[in-house]
1. Just the number, please: Stokes-Einstein D of region 79-168 in µm²/s, Kirkwood Rh from C-alpha pairs, 37 °C, 0.692 mPa s.
2. State, to one decimal in nm, how far the label point of residue 18 lies from the label point of residue 82, with both points 7 Å from Cα in the Cβ direction.
3. In whole angstrom, note down how far apart the Cα centers of region 148-170 and region 68-97 are.
4. If you take the beta carbon distance between residue 25 and residue 161 as r and set R0 to 45 Å, what does 1/(1 + (r/R0)^6) give as a FRET efficiency, to the nearest 0.05?
5. If packing is taken as the average number of other Cβ atoms within 10 Å across a peptide's residues, how do 99-108, 22-31, 76-85, 124-133 rank, most packed first?
């Protein structure tokens with residue numbers, strides 16, 4: 001009888017450990033959370049919105065705020081940038097429930113550490129300007145993302161100029 005037990009032990013199949021099942025699920029969950037928090041504008045809207053809710057949402061929505069562009073290796077606002085930011089500050093003052101996400105970017109010129117630092121400086125320059133216009137800093141979020149998410153190709157001078165930017169996104 002001992003031989004039978006031994007044969008059984010040799011042919012016994014082991015299942016996958018629990019971490020082998022949980023790891024892919026946790027990875028999928030992390031990706032889902034990332035994309036839902038990184039791109040909240042792409043989240044699905046509620047299927048049945050009441051007319052009152054639709055009217056209040058459109059009344060508190062900010063207009064297209066535009067994009068602030070920068071010179072190569074600079075984080076200094078130009079007069080054109082300041083006029084865009086004055087409009088954004090006025091719109092935020094008119095809509096106190098709105099928060100603003102400020103995202104800074106660079107072109108692909110230079111090293112990644114330098115570009116991430118420069119994009120952060122650009123986002124901070126925009127946030128500082130808005131704070132100076134009376135916008136509470138708690139209503140501003142965002143950061144610098146370096147050359148990630150280019151708006152245009154980095155193969156041309158015009159494309160690089162488009163990528164040296166700070167984008168403004170309204171959040172409720």
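1. Numbers: Rh = 13.5 Å.
Translational D for this selection: 243 µm²/s.
2. Spacing of the two 7 Å Cα→Cβ label points: 6.2 nm.
3. 16
4. On the way: r = 43 Å, r/R0 = 0.96.
So, using R0 = 45 Å, E works out to roughly 0.55.
5. Values: 99-108: 22.5, 22-31: 10.2, 76-85: 14.5, 124-133: 17.7.
In descending order of packing, they fall as 99-108, 124-133, 76-85, 22-31.
Laboratory data are not the source of any read-out in this text; all were calculated from the coordinates shown. Since the model is a prediction, treat every value here as computed from it, not as a measurement. Note: ideal-geometry Cβ built from the backbone for every residue, glycine included; neighbour counts use all protein chains shown.
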